[in-house]
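Asks: Got a structure here, written out as structure tokens. Questions coming.
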Amino acid sequence: MATAAIGDYAFEPKDTLDKFHGNQLLYIGWEDHLMFCAPLAFPFPPAMPFKAILEQVLPGAYGAHPEFAKVDWSKAEWFKSGKPWRPDYEKSIGENGLKHKDVIRFRSPGLTGIKGTCS
Amino acid sequence: MDMEASKKKLGLKERYNHLTRGLDWETSYQPMEKVYPYTRYEGIKIHDWDKWEDPFRLTMDAYWKYQGEKEKKLYAIIDAFAQNNGHLGVSDARYINTLKLFIQGVSPLEYMAHRGFAHVGRQFDGASARVACQMQSVDELRHAQTQMHTVSNYNKYYNGMHNWRHWHDRVWYLSVPKSFFDDAMSAGPFEYVVAISFAFEYVLTNLLFVPFMSGAAYNGDMGTVTFGFSAQSDESRHMTLGLEIIKFILEQDPANVPIVQRWMDKWFWRGYKVLTLVSMMMDYMLPKKVMSWKEAWEIYGEQNGGALFNDLARYGIRKPKGWEQATIEKDHLSHQAWATFYNYGAAALFHTWTPTEQDKDWLSEKYPASFDKLYRPRFEHWEEQAKQGKRFYNTTLPMLCTTCQIPMLFTEPTDPTKICYRESDYKEEKYHFCSDHCKEIFDHEPEKYVQSWLPVHQIYQGNCFNPGVDPTAPDFDPLRAVLDFYKMNFGRDNFDFEGSEDQKNFAQWHGEGA
């Protein structure tokens, strides 16, 4: 619905792709590991290979978790906007069809967080 | 001469009428709707402004007299507090972090409320409504000011209070209370009063103001207790005004009911989300606890709020939509919130810590359904890590909810181990939300929330660095640059309470050595 206003009410969105200096935002969540309180937000160039996320980015972001080293990426289950999804690790972020402000999450089967509490 | 002698004194009601409605007039050069241009576009229909009754019938001269007396008492106590080093009387230096949260997050809202009521105090067509709003505007200014003066005595000795006004417009977690009030201020006058006078002052104030003030009393902070007392009679007046406003609007026209109901749904949820900060204050930040968040919600939400909405049922009003979810979440809210600040303690302007053994036992007792099962292992893991010198800090910025601007930390109402993700597509852009209710608020007015100033996105757009900073320099540290932009005293305002300057000084001033 339109916002009730005394005149025309239309504004430019604050977070369009053109404002991120060549990057697009990608949100990533790790299921069953709520020691990281919320999904993370990253600015990535669309040409970046997907595997660079796994090899270069996530170790820095999630490495403090005792289970992170046990993640087997060949068995990871991925979701995009909550629906099952399969990325091609060899292709780029853009080639994987990821758009600005997409949200993906992964589940690492067998890993259920600190003392199995999803922490 | 047989002239009738006039009565020397007017009765209270007459006097009130002369000093409010009696000062009003109908304009002749301009139509009234041009003089009061904002009271029609929201769809609210008012047929008779004279039906507005101010239950207090307070006039300006009486108002100044009352407030003047209260000021005298308050400042006498604040002076005594300062002269006697009252800050050393608090239970523990951890307590002072609740004051940091208060001055950073709550006092600026008092000031915004002052501005908001000054605005609606000009815009309403009815003179009595304008007068009541103008007095509330002065109250809110007074509250902001007395809070600044009280907390300034702590600012002399402790970190994290020196630049709260600057922080309020910039710092990530303060965008939560800020955006709440900006949302209300940029709405029309009727939505503003429903949001602030009713949803916030009437329904939720007992969950905001009272926990801070009773927390102060339990923890030996007489300065804060005194400004609480000084504000309390004003708060009761604001609450009564909130209820009066709602009844007035609902009684004026049946077409107002669905509009007011939607505002209640929206503003209950927005206010409740701001209270996330209060929940963790009660359960984790007070060294001496008053009651748990869960107990507070049960008393002030479920019982008192429940009675209120039963009372409003005769107007066709039901409980706000998010009510049931707030009830489900009461076992989880504070734990998830404190864990978030523990994650991002390097970027917060107050200290964080893991709960002590005694705290943990209290939490187990108060939260038998959730603490031991889900949250104790998390805090104990962090405690263990900190003992090994590896205090955990999350170094990547979180995804935020577009509406409430809180990191996406809330779990599914049906499953506390799954983050709740919701999204909407609007004009080829994607927007994310922490809950069904935040999504619904967005979906109703997307043009408003596409403008959200989300701190994480602003940082990634490069809008949160000081002028002259070169993000392409080889040694550029973006997170540090953001904290410089915040004007944080790095290493003093942030990080864990353990090892902080506040902790050391407090111990030293108590003769416990460094």
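The values are calculated or read from the model by the stated rules, or taken from the named source; none is laboratory data. Just so it is clear, the structure is predicted and the values come from calculations on it, not from any experiment. Cβ coordinates were reconstructed from backbone atoms using ideal geometry, including for glycine residues, and neighbour counts include every protein chain displayed. The protein model used for the area step is the full one, side chains on, heavy atoms only, and it has no ligands, DNA or RNA in it. Shrake-Rupley method; radii C 1.70, N 1.55, O 1.52, S 1.80 Å.
Asks: Ordered by packing density, taken as the mean number of other Cβ atoms within 10 Å over each peptide's residues, highest first, how do B:218-225, B:97-104 rank?
Replies: So the order, starting with the most tightly packed, is B:97-104, B:218-225.
Asks: Which entries of B:Lys72/B:Lys289; B:Lys373/B:Lys439; B:Lys156/B:Lys387; A:Lys101/B:Lys487; A:Lys83/B:Lys430 have Cα-Cα distances beyond 25 Å here?
Replies: The pairs that break the limit, which is 25 Å between Cα atoms, are B:Lys72/B:Lys289; B:Lys373/B:Lys439; B:Lys156/B:Lys387; A:Lys101/B:Lys487.
Asks: Also, quick follow-up: What's the buried accessible area, both sides, between B and A using a 1.4 Å probe, rounded to 100 Å²?
Replies: Summing both sides, the interface buries roughly 4200 Å².
Asks: How much FRET efficiency would the formula 1/(1 + (r/R0)^6) give for A:Lys75 and B:Arg115, where r is the Cβ-Cβ distance and R0 is 45 Å, rounded to 0.05?
Replies: It comes out at approximately 0.20.
Asks: Taking a probe of 1.4 Å, how large is the accessible area per residue of chain B, in Å²?
Replies: Averaged over the residues of chain B, the accessible area is 40 Å².
Asks: Counting pairs of alpha carbon atoms under 8 Å apart in space and at least six apart in sequence, what relative contact order in percent does chain B give?
Replies: 16
Asks: Hey, another quick one. Among A:Pro84, A:Ser74, A:Pro109, which residue has its Cα furthest toward the positive end of the charge dipole of the stretch A:20-116, with +1 on Lys/Arg Cβ and -1 on Asp/Glu Cβ?
Replies: Toward the positive end, the furthest listed residue is A:Pro84.
Asks: How much length would be gained if the chain were fully extended between B:Lys387 and B:Leu12, taking 0.36 nm per residue of separation minus their Cα-Cα distance, in nm to one decimal?
Replies: 128.3 nm
Asks: Moving on. Hey, got a sec? Which GluC sites (Glu not before Pro) in the stretch A:27-119 land in a DSSP loop and have at most 12 other Cβ atoms within 10 Å?
Replies: Here the GluC sites (Glu not before Pro) that fit, given the DSSP loop and packing criteria, are A:Glu90.
Asks: How far is it, in nm, from the label point at B:Arg165 to the one at B:Ala507 when both lie 7 Å from their Cα along the line to the Cβ?
Replies: 3.6
Asks: Of all the accessible heavy-atom surface of the stretch A:33-84, with the other protein chains kept in place and a 1.4 Å probe, what percent is carbon and sulfur?
Replies: 59
Asks: A further question follows. Within a 10 angstrom radius of each residue's Cβ in B:185-192, how many Cβ atoms of other chains show up on average? Whole number is fine.
Replies: Mean partner shielding for this stretch: 1.
Asks: Summing -39500 (n - 2.57) over the DSSP H runs of n ≥ 4 in chain B and dividing by its residue number, what mean residue ellipticity at 222 nm do you reach, to the nearest 500 deg cm²/dmol?
Replies: So the calculated ellipticity at 222 nm is -15500 deg cm²/dmol.
Asks: Averaged across the residues of A:6-18, what count of C-beta atoms belonging to other chains lies within 10 Å of each residue's C-beta?
Replies: 5
Asks: Which residues does a label at B:His149 reach in the stretch B:80-94, if reach means a backbone N under 12 Å from a point 7 Å past the Cα toward the Cβ?
Replies: B:80
Asks: Angle check, please: helix B:127-155 long axis (alpha carbons) against the longest principal axis of chain B (alpha carbons), in degrees 0 to 90, nearest 10.
Replies: Orientation of helix B:127-155: about 30 degrees from the principal axis.
Asks: Between B:Asn85 and B:Leu479, what FRET efficiency follows from the Cβ-Cβ distance if R0 is 30 Å, with the result rounded to 0.05?
Replies: 0.25
Asks: As an exercise, use a Förster radius of 35 Å and the Cβ-Cβ distance of B:Leu23 and A:Tyr9 to find the FRET efficiency, rounded to the nearest 0.05.
Replies: 0.50
Asks: Give me the inter-chain shielding for B:454-464: mean count of other chain Cβ atoms within 10 Å, whole number please.
Replies: Mean partner shielding for this stretch: 4.
Asks: Give me the number: length gained by fully extending B:Tyr426 to B:Ala369, i.e. 0.36 nm times residue separation minus the C-alpha to C-alpha distance, one decimal in nm.
Replies: 16.6 nm
Asks: Could you look at the stretch B:49-331 and say what percent of its accessible area is carbon and sulfur, using a 1.4 Å probe and all protein chains?
Replies: C and S fraction of accessible area: 55 percent.
Asks: How far apart, in nm, are the 7 Å Cα→Cβ label points at B:Arg314 and B:Ala255?
Replies: Rounded to a tenth, the inter-label distance reads 2.5 nm.
Asks: May I pose another question? Quickly rank B:347-359, B:291-303, B:328-340 as a protection proxy: mean count of other C-beta atoms within 10 Å, highest first.
Replies: So the order, starting with the most tightly packed, is B:328-340, B:347-359, B:291-303.
Asks: Farthest toward the dipole's positive end in chain B, which of B:Leu312, B:Gly89, B:Leu58, given Cβ charges of +1 (Lys, Arg) and -1 (Asp, Glu) about the Cα centre?
Replies: Farthest towards the positive pole: B:Leu58.
Asks: If I fit a long axis through the Cα atoms of helix B:60-83 and take the longest principal axis of the Cα atoms of chain B, what angle between them do I get, 0 to 90°, rounded to 10?
Replies: 20
Asks: Here is a follow-up. In degrees from 0 to 90, rounded to the nearest 10, what is the angle of the helix B:222-252 Cα long axis to the longest principal axis of chain B?
Replies: With both axes taken from Cα atoms, the answer is about 50 degrees.
Asks: Which of the chymotrypsin sites (Phe, Trp or Tyr not before Pro) found in the stretch A:38-82 are in a DSSP loop and have at most 15 neighbouring Cβ atoms, other than their own, within 10 Å?
Replies: In loop regions of the stretch A:38-82 (DSSP not H, G, I, E or B), the sparsely surrounded chymotrypsin sites (Phe, Trp or Tyr not before Pro) are A:Trp73.
Asks: Rounded to the nearest whole Å², what accessible area per residue is found for the stretch A:20-116 with the 1.4 Å probe?
Replies: Dividing the accessible area of the stretch A:20-116 by its residue count gives 43 Å².
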